[in-house]
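Asks: I have a structure I would like to understand better, so I am pasting it below and will then ask my questions one at a time.
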Amino acid sequence: MNPDADNTVESSSVLDGYLARYPHLLDRIIRQLQVALHEKGAISIDEMYEKARGEQVESGTGNPNVAEAPRGDEAERTAVNRLTRWYAGQHLSAREIDDLVNLALKREEADKLRAIVSLSAVSFRLLSDAVRRFCALPEGESHLQPDEAMGIRVGLIRHLISDQLEFIGIAKWHLRIRDFGEIVPRLIGDEAGMGRIGGKAAGMFLAHRILTRGPEPSGREREKDARIQQAVADCAGIAIPESYYLRSDVIEDFIKLNDLGEYQNQKYKTAEEIRKDYRLIKQVFRNGKFPVRVVEQLRRLLEEIGHHPVIVRSSSLLEDRFGTAFSGKYASFFLGNQGSLEKRLAALLGAIAEVFASALGPDPLLYRREHDLLDYEEDMAVLIQKVVGQRFGPYFAPAFAGVAFSRNEYRWSPRIRREDGLMRIVMGLGTRAVDRVASEFPRMVALGMPTLRHESSIPEITRRSQRTIDVINLSKNRLESVSFEDVYRQEGKFGLLDRIVSISQDGMLVPPTGTYIDTPASQLVVTFDKLMSEGVFSEQMRGLLRRLELAYGVPVDVEFAHDGERLYLLQCRTLSQLAEMEEVTIPADVPEERTIFSANRFVRSGIVDGIEYVIYVDPRDYDRLDSNEKRVHVARVIGALNERLRDRRFILIGPGRWGSNDKRLGVPVSYADINRSKMLIEVARERDGYVPEVSFGTHFFQDLVEAGIAYLPLYPDDRRNRFNETFLSGSDNQLSSILPGEGEMGDVVRLIDVSVAAGGRHVRVVMDGRTDQALAFLAD
């Protein structure tokens, strides 16, 4: 038996079956076959048509005495189709025909999808059905041409993810049509509506695709460093948490259902009115009703994921955009997700409602006002995710988590390169990496030199190490901060503990020799030294950041978590940066009496000039406050001054950590309380038992960067530095003249009118990052 003949029969049979099954696609399938035969060299398209016309002449169809029949008449088409089928049977295998027919089917569905995404308004039902039909087809070996797919990708991105042109310009090269087949089944909202997944979800999804299936590096993405190339290759194992997306149009349905339309004009109110109304708004929203369809979808979601802890995260349309990250402006909530289904559903609905309400809070609204975004039709999508981590005893948390940046703006050694990036890493949930809490610190890692620490001694490393771990307490169904000792004594192995801790012995910190640790908790210190000395993880993070920066074309920052087995990407956004001057010279001839302060650590080059007012909170006076209510009152006074002095140039000087969650360690201001200032300065007294954490990497610091607010830590007890307490504490306090009702706070908050206090002069701050020196002085 002739195997070629058998193959021909099989191919012809397969083709006949397809044509019988898809008669409406006859012309499209024939065209695909013609192109394949042409490219294979079996017969060109021109030859095919010549043969068809020749057959017509031989059979008498053609008349030499009459003009040739118009091209494409029915007889010619029939002949071309028959010849195409014959040649396909002779020259194409059954597998090739399968693939070509599949490509024809894909082009048919792609045409329908293209028509739908080109509509300005379309229902989710119509769009999702089209996406599902396309994605249900086998991927096959033959693909749509790039120009065919590009328009569909852009349309899908615009409808379901983001309408920001900068985002679309990147995403269209990395997201495929089939990627939307993963998003669509996890979108929550009315089928008749349409909304997007929001900025936070968009950044996470795109970054994951870039890392795990990016295009071949070329142009700006060509990377010469072999180690980084290997690290980029390692990114293939990075995951994102199991995620569900409450569409951005659901909040509109929620507002309409509960008659809350009056609150949509909050953005046009004064700052004081916004602050005053927000507490009520949160309560009203939390008690609001949700559309029945949405409630049922959320109930099914909880049935599917079971009792695994979840996080409910904001993902507004404005969030994580280029140049305006909205870092920490909106609410997010960890849920233990324990108990009955109805109890878990009530908690989930309450958390979503509070995320909705957070869009009307003072921080995001004043941030939008600051960045000319008030008139943008902002809607809030919600990202619902399974929390990354494992259970140990009653607790649930990742082994470690943190935030990383592709550029390191605060370098504590000349050996550190800016382009190698920076990472802040903590044990447990990553909240302690992005928020400013307590008197302990995340591990700061210069990714190019991961073992180089900025602490100068073993006692300092021990004193600054993390001692409190953020976890989800499953028995109490809530987020908690617990001691390291409590975590350590729980049953069950805590992931990667041997890489997280060091053992304190004989005045040294040494890594555990194996994975099993039986050392008393009192001798263990969270250092991440073993993880960093191995070099693998730091190189992976460095490569990850480099890959994303190359794809985005700008510096980026990411949030991540590791469950002990796998690294998860939680967030990616562009990194706002302060413009740094190339050359700044510190004046050497400033008289002592005109010096306000000097600094010699964590200095970035720049000049802040023409300062008219100094707001000074003396660390010792603040420390004497005996209640959190009084400390919050200080923050309110700062916020009021920030508003009153909005058209003037002023700087803030205060204790420890501005914006700290621990009110004892710093004034608990928010972005809206300090956004008008030109510079924020943190004063550390060594006798207080702590020094300020370098703010770089926190949400609070990103606020400063985006607002163009310079940052500087001061160490007045360092003998090499100068600190003019006579000027700061002895100048006339103008607080009561600006805020008449706050005179009693004058013992803590000092407002100095520089022109009045210094005979018409102003304050100038000069900072030289090359020499790590800064000087503030009274200038003419």
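Asks: Scan region 98-109 and report the pairs whose first residue is closer than 18 Å to Val14 by Cα and whose second residue is among the charged types (D, E, K, R) and surrounded by fewer than 19 Cβ atoms within 10 Å (Cβ to Cβ), with Cβ atoms within less than 6 Å and a gap of 6+ or a chain change.
Replies: Hits for this filter: Asp99/Glu141; Ala104/Arg28.
Asks: Can you name the residue in region 164-208 that is charged (D, E, K, R) and buried (at least 23 other Cβ atoms within 10 Å of the Cβ) and, of all such residues, is farthest from Asp379 (Cα to Cα)?
Replies: It comes out as Lys200.
Asks: Related question: For region 71-127, which residues satisfy the criterion of being more than 16 Å from Ile29 (Cα to Cα) and among the polar types (S, T, N, Q)?
Replies: Passing the criteria: Gln90, Ser118, Ser120, Ser123.
Asks: Let me ask something else. So Arg685 clears everything in (1) modelled with pLDDT under 90; (2) among the basic types (Lys, Arg); (3) closer than 22 Å to Ala776 by Cβ; (4) out of contact with any helix residue (DSSP H, G or I) (no Cβ under 9 Å at 6 or more places or on another chain) except one condition, right? Which one?
Replies: Of the numbered conditions (1) modelled with pLDDT under 90; (2) among the basic types (Lys, Arg); (3) closer than 22 Å to Ala776 by Cβ; (4) out of contact with any helix residue (DSSP H, G or I) (no Cβ under 9 Å at 6 or more places or on another chain), the odd one out for Arg685 is (4).
Asks: If we keep just the residues of region 398-424 that are closer than 13 Å to Met449 by Cβ and under 19 Å from the mean Cα position of the chain (by Cα), which is modelled with the lowest pLDDT?
Replies: Going through the qualifying residues, I end up with Asn408.
Asks: Quick one: which strands (runs of 3 or more DSSP E) sit completely within region 504-618 and have at least 1 residues that are more than 30 Å from Val756 (Cα to Cα) and touching a residue at least 24 places away in the same chain (Cβ under 8 Å)? Can you show your working first?
Replies: Values: elements: 508-510, 524-526, 556-562, 567-574, 595-599, 606-611, 613-617.
It comes to 508-510, 524-526, 556-562, 567-574.
Asks: Can you name every residue in region 52-64 that is surrounded by fewer than 15 Cβ atoms within 10 Å (Cβ to Cβ) and either of a type in the set (S, T, N, Q) or modelled with pLDDT of 85 or more (or both)?
Replies: Ser59, Thr61, Asn63
Asks: Then there is this: Can you tell me which residue is modelled with the highest pLDDT among those in region 3-19 that are among the hydrophobic types (A, V, I, L, M, F, W, C) and over 16 Å from Leu33 (Cα atoms)?
Replies: Val9
Asks: Determine the pairs where a residue that is among the β-branched types (Val, Ile, Thr), located within region 39-50, has a partner that is surrounded by 14 or more Cβ atoms within 10 Å (Cβ to Cβ) with Cβ atoms under 7 Å apart, the partner being 6 or more residues away or on another chain.
Replies: That search, which allows pairs on different chains as well, returns Ile43/Leu37; Ile43/Tyr87; Ile45/Gln34; Ile45/His38.
Asks: For region 759-768, which positions are surrounded by 19 or more Cβ atoms within 10 Å (Cβ to Cβ) and either touching a helix residue (DSSP H, G or I) at 6+ places or on another chain (Cβ under 9 Å) or over 26 Å from Leu735 (Cα atoms) (or both)? Before the answer, list the steps.
Replies: Initially, region 759-768 is screened for residues surrounded by 19 or more Cβ atoms within 10 Å (Cβ to Cβ), giving 763-768.
Within region 759-768, Val763, Val766, Met767, Asp768 qualify.
Asks: In addition: Can you pull out every residue in region 155-184 that is without any contact (Cβ under 8 Å) to a residue 24 or more places away in the chain and under 20 Å from Lys106 (Cβ atoms)? Reasoning before the result, please.
Replies: The first filter runs over region 155-184 and keeps only residues without any contact (Cβ under 8 Å) to a residue 24 or more places away in the chain, leaving 157, 165, 168-169, 172, 182.
Correct list: Ile157, Lys172, Glu182.
Asks: Among the listed residues Ile197, Ile183, Ile152, which satisfies the condition of being modelled with pLDDT of 95 or more, over 30 Å from Phe254 (Cα atoms) and not acidic (Asp, Glu)?
Replies: Ile152
Asks: Next up: Keeping to region 253-307, report how many residues are assigned to a loop (DSSP other than H, G, I, E, B), loosely packed, with under 15 Cβ neighbours inside 10 Å and within 29 Å of the chain's Cα centre (by Cα).
Replies: 2
For (1) under 17 Å from Gly428 (Cβ atoms); (2) modelled with pLDDT of 95 or more; (3) outside the structural domain of Ile311 (by TED's automatic domain parsing), each residue gets a yes or a no:
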| position | (1), (2), (3) |
| --- | --- |
| Tyr488 | yes, no, yes |
| Leu496 | yes, no, yes |
| Thr519 | no, no, yes |
| Thr527 | yes, yes, yes |
| Gly535 | no, no, yes |
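Asks: Of everything in region 449-486 that's of a type in the set (Asp, Glu) and over 29 Å from Ser340 (Cα atoms), which residue is modelled with the lowest pLDDT?
Replies: Glu455
Asks: When region 644-670 is examined, which residues are found to be of a type in the set (Asp, Glu) and within 20 Å of Ser755 (Cα to Cα)?
Replies: Listed by number, the list holds a single entry, Asp647.
Asks: Is it the case, given these coordinates, that Glu455 is assigned to a loop (DSSP other than H, G, I, E, B) and in contact with a helix residue (DSSP H, G or I) (Cβ under 8 Å, 6 or more places away or on another chain)?
Replies: For Glu455, the condition - assigned to a loop (DSSP other than H, G, I, E, B) and in contact with a helix residue (DSSP H, G or I) (Cβ under 8 Å, 6 or more places away or on another chain) - is met.
Asks: Here's something else I'd like to know. Filter region 406-417 for residues that are touching an Asp or Glu at 6+ places or on another chain (Cβ under 7 Å) and either of a type in the set (D, E, K, R) or farther than 21 Å from Asp529 by Cβ (or both) and give the result.
Replies: If the condition is that a residue be touching an Asp or Glu at 6+ places or on another chain (Cβ under 7 Å) and either of a type in the set (D, E, K, R) or farther than 21 Å from Asp529 by Cβ (or both), then Ser406, Arg407 are the ones that fit.
Asks: When Ala433 is evaluated against the numbered criteria (1) in contact with a Gly (Cβ under 6 Å, 6 or more places away or on another chain); (2) on the phi > 0 side of the Ramachandran plot, which criterion, by number, is the only one it fails?
Replies: (2)
The values are calculated or read from the model by the stated rules, or taken from the named source; none is laboratory data. Here the structure is a predicted model, which means the values were calculated and not measured. Here the Cβ is made from the backbone with ideal geometry for all residues, glycine too, and neighbour counts use every protein chain on show.
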